[in-house]
Amino acid sequence: MAAAPPHWHILVERDWSAAAAPGILRRLFALKPADVVVQYPTQGYGWSIIPHFVAIAFTLARRGTVTFALHEFSSLSRKSQAALALASHVVGRVIFTTEAERDRARRHPLFSGSVPTSVVGIISNIPFGSASSSVERRPIDLAYFGHIRPNKGLEVFLDVMQALRARAPTASLAMIGEIPAGYEAFGAMVTRRCNEIGCAMMLGRDDEAAARLLRQVRLLYLPFPDGVSARRGSVLAALGNDALVATRIGDATPHALRPAVIACDGTLADVDVLLGALAMTDERAAEINAAGRRYIAATLPRDWAHVVALYAQALGHAAAAPC
């Protein structure tokens, strides 16, 4: 959000080290909030558990209620899952992005059985827009989009691109995203293989530039190991910018999302699926794009102001947002 809605303050911290914790608490206490909603994308905190201690300190000081808005639980390491499960005994509420994520957390043996929970859908930070050209005229044939780190299906992407290159030597391939801190070695491996395959590296673009790139892509290939779900921001960004998406269907894939993507297996057999998708008519591509737009309009918050309103309702402030 560029600006805070009425009755809300936005506190942005870049340093989540232990040494920074006292200063974070001082700034938080100075705002005198009745409710604190901690957005919890673990990468954004540098994988720190300091937000847990902030929640404990704020609660013990009896200054108000802390809510964790948890972007994802299932993809965290076992240590991180355990830490968040323990923190659920201190916070006043946990907000998840999907029902599947909430169910996964509730099954964790350390997760509180009494903490109130809610579900508020995630939105993409990448702005949405309509592509100016038909699918077949876009300059990038196939691409990956998102964070370049393990457990995203990148190894499969690279293997499939290498096999596809033998059958489509002139195809334009791209890797769009960024390498998170701590994954430099993995990023170097991906970069080396992309150079060998002939897949252009397009890293570190801002949100607007990333959106423009997505509107130049014919087909994104995102073979997530656990299948696509409503929490995959990269897929939402693609659907909102008229890029076709080939991805795996999993147990957590919403039924309403399935018509908006092209199903694949996450194996070398996907080469045939991708080549078939690239040969798709513009009319068929438009039908899939329309299904994606319908999914976004029907199931996701419109913008961050809408997300804030839903948070306020979850916290019991139906008429006004918490201070």
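The values are calculated or read from the model by the stated rules, or taken from the named source; none is laboratory data. For clarity, every value in this text was computed on a predicted model and none was experimentally measured. Positions of Cβ are backbone-derived with ideal geometry, glycine not excepted, and every protein chain shown enters the neighbour counts.
Yes or no, residue by residue, for (1) small (G, A, S); (2) farther than 23 Å from I126 by Cα:
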position	(1), (2)
F157	no, no
Q162	no, yes
A171	yes, yes
R193	no, yes
A200	yes, no
R212	no, no
G240	yes, no
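Right, V37: aliphatic (A, V, I, L, M), part of a strand (DSSP E or B) and either out of contact with any Asp or Glu (no Cβ under 7 Å at 6 or more places or on another chain) or within 28 Å of T253 (Cα to Cα) (or both) or not? Yes.
The set of residues from segment 276-309 being in a helix (DSSP H, G or I), among the polar types (S, T, N, Q) and surrounded by fewer than 17 Cβ atoms within 10 Å (Cβ to Cβ) comprises just one member, T299.
Tallying residues that are without any contact (Cβ under 8 Å) to a residue 40 or more places away in the chain and part of a loop (DSSP other than H, G, I, E, B) within segment 266-275 yields 1. Across segment 55-93, the qualifying residues are those that are among the charged types (D, E, K, R) and part of a helix (DSSP H, G or I), and the one among them that is surrounded by the most Cβ atoms within 10 Å (Cβ to Cβ) is K79. For segment 119-156, the set of residues classified as over 18 Å from G233 (Cα atoms) and not hydroxyl-bearing (S, T, Y) consists of A131, V135, E136, R137, R138, P139, I140, D141, L142, E155, V156, listed by residue number.
You will find that of D35, D141, the residue that is of a type in the set (D, E) and under 20 Å from I10 (Cβ atoms) is D35 and no other.
If you check R205, R192, R212, which single one turns out to be closer than 19 Å to I296 by Cβ, of a type in the set (K, R) and either in the same structural domain as V271 (by TED's automatic domain parsing) or out of contact with any helix residue (DSSP H, G or I) (no Cβ under 6 Å at 6 or more places or on another chain) (or both)? Within the list R205, R192, R212, the selection yields R212.
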